[in-house]
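K.L.:
Quick one: the structure is below, questions incoming.
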Amino acid sequence: MTAARATLELALIQLNAGTDVQANLTRALVLAEQAFQAGAEFVLLPENFAYMGPDHGRLAVAERLPNGPLVSAFAALARRFQGYLLLGGIPEVSPEPPRTYNTAVLLDPSGACLAYYRKLHLFDVTLNTGASYRESSAVLPGTDLVTASVHGWSVGLSICYDLRFPELYRALSARGVDVVTVPAAFTARTGEAHWEPLLRARAIENLCYVAAPGQWGQHGRQQTFGHSMVVSPWGEVLATLADGEGVVRQTLQRERLHAARRELPCLSHRRLG
């Protein structure tokens, strides 16, 4: 395994995606290119960055991995800048159409698919506002934990609603992750109450960095929270973008990770699990 670099230059892309796939991809490519040009080594896109709309539209844009027009466009960008690029959540053709997987795809500097993660936990919720979401009606859940190495840093993959299930992150922690990624399209209602506390909790519990790029703004009748965020292993919010589209940059420091684990060696004190 490659020795971990002392630092990792991270960039999160915050978007306001809609139903126009080409417009979404153009905007995502522009912001990702800007992030790489500014020195990012690892760029993360949010969930549903290519399509944010009614469930029935997902199948029309679903990819067959590891190739497909959507992935290929971003693979070319990863190759051009010799960087790692996380496609935070795209529809992937599943064995049970019309349902698709909701899949995060990690591209390496050659543009190859280094890893992919199919969202485990699906957002089937009715809020007090009356808004109802049934992700499982259009999405098939995944089954596997996924980790990968980015410049020697162990990265654990997750998506959005997974954030509410600490056992997933504990399992990733048991695999030795240094960073967990949480690309999301968190609703404004739940995001205002829970987004930051949950991200900070996952970082504190597992003494790891958390990197969470999000969707922001109005998408038809749906509103997302934004607040893309990087959290330290000590639970500090290191960088965030509350509103609007843009790029959040942060340098991750390996010594900061080690320092938190030296001061609070709770991962070695576990009695259960």
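The values are calculated or read from the model by the stated rules, or taken from the named source; none is laboratory data. All values reported here derive from a predicted model rather than from experimental measurement. Virtual Cβ from ideal backbone geometry, glycine too; neighbours counted across all protein chains shown.
K.L.:
Just checking, which of F186, F165 is under 13 Å from the mean Cα position of the chain (by Cα) and among the aromatic types (F, W, Y)? Even if it seems obvious, please write down each step before you answer.
P.N.:
Details: F165 fails: under 13 Å from the mean Cα position of the chain (by Cα).
Exactly one residue qualifies, and that residue is F186.
K.L.:
Among the residues of segment 194-210, which ones are in contact with a helix residue (DSSP H, G or I) (Cβ under 9 Å, 6 or more places away or on another chain) and either of a type in the set (F, W, Y) or within 29 Å of T129 (Cα to Cα) (or both)?
P.N.:
Scanning segment 194-210 gives H194, W195, L198, L199, A201, R202, Y209.
K.L.:
Moving on. When you check R164 against the structure, is it in contact (Cβ under 8 Å) with a residue 40 or more places away in the chain, out of contact with any Asp or Glu (no Cβ under 9 Å at 6 or more places or on another chain), surrounded by fewer than 21 Cβ atoms within 10 Å (Cβ to Cβ) and of a type in the set (K, R), yes or no? Show your work before the answer.
P.N.:
Working: in contact (Cβ under 8 Å) with a residue 40 or more places away in the chain: yes; out of contact with any Asp or Glu (no Cβ under 9 Å at 6 or more places or on another chain): yes; surrounded by fewer than 21 Cβ atoms within 10 Å (Cβ to Cβ): yes; of a type in the set (K, R): yes.
Considered against the rule, which asks whether it is in contact (Cβ under 8 Å) with a residue 40 or more places away in the chain, out of contact with any Asp or Glu (no Cβ under 9 Å at 6 or more places or on another chain), surrounded by fewer than 21 Cβ atoms within 10 Å (Cβ to Cβ) and of a type in the set (K, R), R164 comes out as yes.
K.L.:
Looking only at segment 202-212, decide whether some residue is under 14 Å from the mean Cα position of the chain (by Cα) and within 24 Å of A60 (Cα to Cα).
P.N.:
Checked segment 202-212: no residue is under 14 Å from the mean Cα position of the chain (by Cα) and within 24 Å of A60 (Cα to Cα).
K.L.:
Scan segment 225-241 for residues that are in contact (Cβ under 8 Å) with a residue 60 or more places away in the chain and buried (at least 24 other Cβ atoms within 10 Å of the Cβ) and jot them down.
P.N.:
Listed by number, the residues that qualify are G226, S228, M229, V230.
K.L.:
Taking strands (runs of 3 or more DSSP E) that do not extend beyond segment 105-152, which have at least 3 residues that are under 18 Å from the mean Cα position of the chain (by Cα)? Can you show your working first?
P.N.:
Details: elements: 113-118, 124-126, 132-134, 147-150.
Filter on segment 105-152 gives 113-118, 147-150.
K.L.:
Scan segment 235-260 for residues that are part of a strand (DSSP E or B) and closer than 29 Å to A17 by Cβ and report the count. Reasoning before the result, please.
P.N.:
In the first step, residues of segment 235-260 are kept if they are part of a strand (DSSP E or B); the result is 237-241, 246-253.
Still in the running and closer than 29 Å to A17 by Cβ: 237-241, 246-252.
Summing the residues that are part of a strand (DSSP E or B) and closer than 29 Å to A17 by Cβ in segment 235-260 gives 12.
K.L.:
Can you pull out every residue in segment 242-273 that is in contact (Cβ under 8 Å) with a residue 60 or more places away in the chain and over 26 Å from R5 (Cα atoms)? Spell out how you get there, then give the answer.
P.N.:
First, the residues of segment 242-273 that are in contact (Cβ under 8 Å) with a residue 60 or more places away in the chain: 244-255, 257, 267, 273.
Passing the criteria: G244, E245, G246, G273.
K.L.:
With a cut-off of at least 2 residues that are surrounded by fewer than 24 Cβ atoms within 10 Å (Cβ to Cβ) and touching a residue at least 60 places away in the same chain (Cβ under 8 Å), name the strands (runs of 3 or more DSSP E) lying wholly within segment 169-222.
P.N.:
Working: elements: 179-181, 209-212, 216-219.
Output list reads 216-219.
Table: residues versus (1) of a type outside the set (V, I, T); (2) within 15 Å of P213 (Cα to Cα); (3) surrounded by fewer than 22 Cβ atoms within 10 Å (Cβ to Cβ); (4) modelled with pLDDT under 95.
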position	(1), (2), (3), (4)
T19	no, no, yes, no
L25	yes, no, yes, no
Q37	yes, no, yes, no
A40	yes, yes, no, no
V43	no, yes, no, no
E47	yes, yes, no, no
H56	yes, no, yes, yes
N67	yes, no, yes, yes
A75	yes, no, no, no
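K.L.:
Among residues belonging to segment 103-124 that are among the hydrophobic types (A, V, I, L, M, F, W, C) and touching a residue at least 40 places away in the same chain (Cβ under 8 Å), point out the one that is surrounded by the fewest Cβ atoms within 10 Å (Cβ to Cβ).
P.N.:
To start, the set of residues in segment 103-124 that are among the hydrophobic types (A, V, I, L, M, F, W, C) comprises 104-107, 112-115, 120, 122-123.
Narrowing further to those that are touching a residue at least 40 places away in the same chain (Cβ under 8 Å): 104-106, 112-113, 115, 120.
Values: A104: 28, V105: 26, L106: 25, A112: 12, C113: 15, A115: 17, L120: 18.
Among them, the one singled out is A112.
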